[in-house]
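Down below is the structure, laid out as structure tokens.
The values are calculated or read from the model by the stated rules, or taken from the named source; none is laboratory data. Because the structure is a prediction, the values reported are computed rather than measured. Here Cβ is always computed from backbone atoms with ideal geometry, including for glycine, and neighbour counts include all displayed protein chains. Side chains are part of the model used for accessible areas, which takes the heavy atoms of the whole protein and leaves out ligands, DNA and RNA. Shrake-Rupley method; radii C 1.70, N 1.55, O 1.52, S 1.80 Å.
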Amino acid sequence: MWQGRFITAKKQGRWEYVARARGIRAAVIVAIDDDEQLILVEQYRVPLGRACLELPAGLVGDESEDEAVEIAAARELEEETGYRAGRVESLGEYFSSPGMVSESFTLVRAHDLVRAGEGGGVEGEGITVHRVKLAAVPDFVADCRARGMAIDVKLLLVLAQSLLA
């Protein structure tokens, strides 16, 4: 139906959905440092019209078709947060909204973090980095939500225990 640089709108029978263009994939990174601090990012998201609190993430294959997920995840983590991972481990492929988007993401765990820079993303991304004690994540998320910030669904990974208690 329509294709841009990064997404494609498709129709199959009565189903309309969105897909990533050119085989691009995504990596979402769970980064917890030696002090049990979870690394989160805050970034303005145009589709939402407001800032969103998220796990660090980025595209895989947007620059090189044969890029490994772990390589892209390590690059994106350092670019967005300023943290370099000594090791990156894949935790599997997941689909965020399978009723309307065919995109999947690979969840990765970043280990052995070292602060290597300021982060903030590439020019114009305006990423704010947050380090939050794991035990304080539910309260931090609630505070962000109360201030009008959107909360990415992937944060349910670290919120599940508090939500189901």
So what is the relative contact order for segment 1-117, in percent, with contacts set as C-alpha pairs under 8 Å and at least six apart? 27
Please compute the volume of the convex hull spanned by the alpha-carbon atoms of the chain and report it per residue in Å³. 138
For the chain, what is the accessible area per residue in Å², given a 1.4 Å probe and the full set of protein chains? 58
Normalised per residue, the volume of the convex hull around the Cα set of segment 1-90 (Å³): 134
How large is the accessible surface of MET1 in square angstrom, using a 1.4 angstrom probe and rounding to the nearest 10? 150
Fraction of beta bridges assigned by DSSP in the chain that are antiparallel (%, nearest 5): 80
I need the peptides 118-127, 51-60 ranked by packing, meaning the mean over residues of other C-beta atoms within 10 angstrom, with the highest value on top. 51-60, 118-127
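Considering only protein heavy atoms and a 1.4 Å probe, what is the carbon-and-sulfur percentage of the accessible area of the chain?
51
With the Cα gyration tensor of segment 70-161 in hand, convert its eigenvalues to equivalent ellipsoid semi-axes via √(5λ) and list them largest first in whole Å. Could the numbers behind the result be given before it?
Numbers: eigenvalues 89, 76, 45 Å².
Gyration-tensor ellipsoid for segment 70-161: 21, 19, 15 Å.
Largest first, how would PHE6, PHE95, PHE140 line up by accessible area (1.4 Å probe)?
PHE95, PHE6, PHE140
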Whichever lysines have a C-alpha closer than 23 Å to that of LYS133, once near sequence neighbours (fewer than 8 apart) are set aside: LYS154
Sticking with the crude label model, points 7 Å out along Cα→Cβ, report the distance from LEU134 to VAL114 in nm, one decimal please. 2.3
From the phi of every residue in segment 155-162, what ³J(HN,Hα) in whole Hz does the Karplus formula 6.51 cos²θ - 1.76 cosθ + 1.60 yield, where θ is phi - 60° and glycine or proline is x? 5, 4, 3, 9, 9, 3, 4, 6
To the nearest 10 Å², what's SER97's accessible area with a 1.4 Å probe? 40
How much accessible surface does ASP34 have with a 1.4 Å probe, in Å² rounded to 10? 140
Segment 59-93 and segment 129-162: distance between their alpha carbon centers, rounded to Å: 23
Taking the Cβ-Cβ separation of VAL101 and LEU157 as r and a Förster radius of 30 Å, what is the calculated FRET efficiency to the nearest 0.05? 0.95
